[in-house]
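The values are calculated or read from the model by the stated rules, or taken from the named source; none is laboratory data. All values derive from a computational prediction rather than experimental measurement. Methodologically, a virtual Cβ is constructed for each residue, glycine included, from the backbone with ideal geometry; neighbour enumeration extends over all protein chains shown. To get the accessible areas, we keep the full protein, side chains included, count just its heavy atoms, and leave off ligands, DNA and RNA. Shrake-Rupley method; radii C 1.70, N 1.55, O 1.52, S 1.80 Å.
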Amino acid sequence: DQQVKQNSPSLSVQEGRISILNCDYTNSMFDYFLWYKKYPAEGPTFLISISSIKDKNEDGRFTVFLNKSAKHLSLHIVPSQPGDSAVYFCAASDYGNNRLAFGKGNQVVVIP
Amino acid sequence: NAGVTQTPKFRVLKTGQSMTLLCAQDMNHEYMYWYRQDPGMGLRLIHYSVGEGTTAKGEVPDGYNVSRLKKQNFLLGLESAAPSQTSVYFCASSLSGTVQETQYFGPGTRLLVL
């Protein structure tokens, strides 16, 4: 049973517009959340993270929002650029466990 | 500084054959991980290591063995490959085991078991 769920497997967006990726989790013990980005034929690379004591974390064009009561987080990319075309994985863990649970990923295509 | 490298990049095996996947990191990281990624699923942890000479089971360890004889290398072995082990395998490493510590991934090994 997947503890981290990413629905809407693919997203197409015009360059310059906002991309929003959603992630839901079921384990209430999760208190640290991460997003990884993956290009074809490469391994995932860390993008941004958020601790459960925050509800927002921003890094340049990337912002992650966390709603603990809804067990939901989202990644906003604004403005989207063609180089953002990739698969994005949501991951979660708790501080007492160094093991990450990953979602199945969302494909993002940014159209120039 | 190559980061995390994986050998081979692609391999085809017949059912019952054995093979070893090699992961190497040059960042002096203590922790190393093996994941597999299957279509429609996220990465799942197979085994991990918290330091040289130590290994532990992850979420899906059955059918795999691992060894960490040197700090920089983490080997994943398949003793008798099965079609269900067709997957893309990713190795990762991190400086420590805390969740805030970034895991750095290799480029992956694509394995096809016929």
The simple spin-label model distance between B:K70 and B:N28, using points 7 Å out along Cα→Cβ, in nm, is 1.7 nm
Rounded to a whole %, the carbon-and-sulfur portion of the accessible area of the protein assembly as shown at a 1.4 Å probe is 51 percent
Residues whose built amide H sits under 5 Å from the amide H of A:S85, excluding neighbours closer than 5 in sequence, are A:V110
With label points set 7 Å from each Cα along the Cα-to-Cβ direction at A:R61 and B:V50, the distance between them in nm comes to 4.0 nm
Interchain or sequence-distant (5+) residues whose placed amide H lies within less than 5 Å of the amide H of B:V66 are B:G77
One checks the Cα atoms of chain B and finds Rg and Dmax, in Å, of 13.2, 40
For chain A the mean separation of alpha carbon contacts under 8 Å (6+ apart) over residue count, i.e. relative contact order in percent, is 37 percent
Per principal axis, largest first, the Cα atoms of chain A extend in Å by 42, 28, 21
Applying the gyration tensor rule to the Cα atoms of the protein assembly as shown (axes a ≥ b ≥ c; rounded if a/c under 1.5, else prolate if a/b exceeds b/c, else oblate), the class is prolate
Simple SL model, points at 7 angstrom along Cα→Cβ for B:T7 and B:K57; separation in nm is 3.1 nm
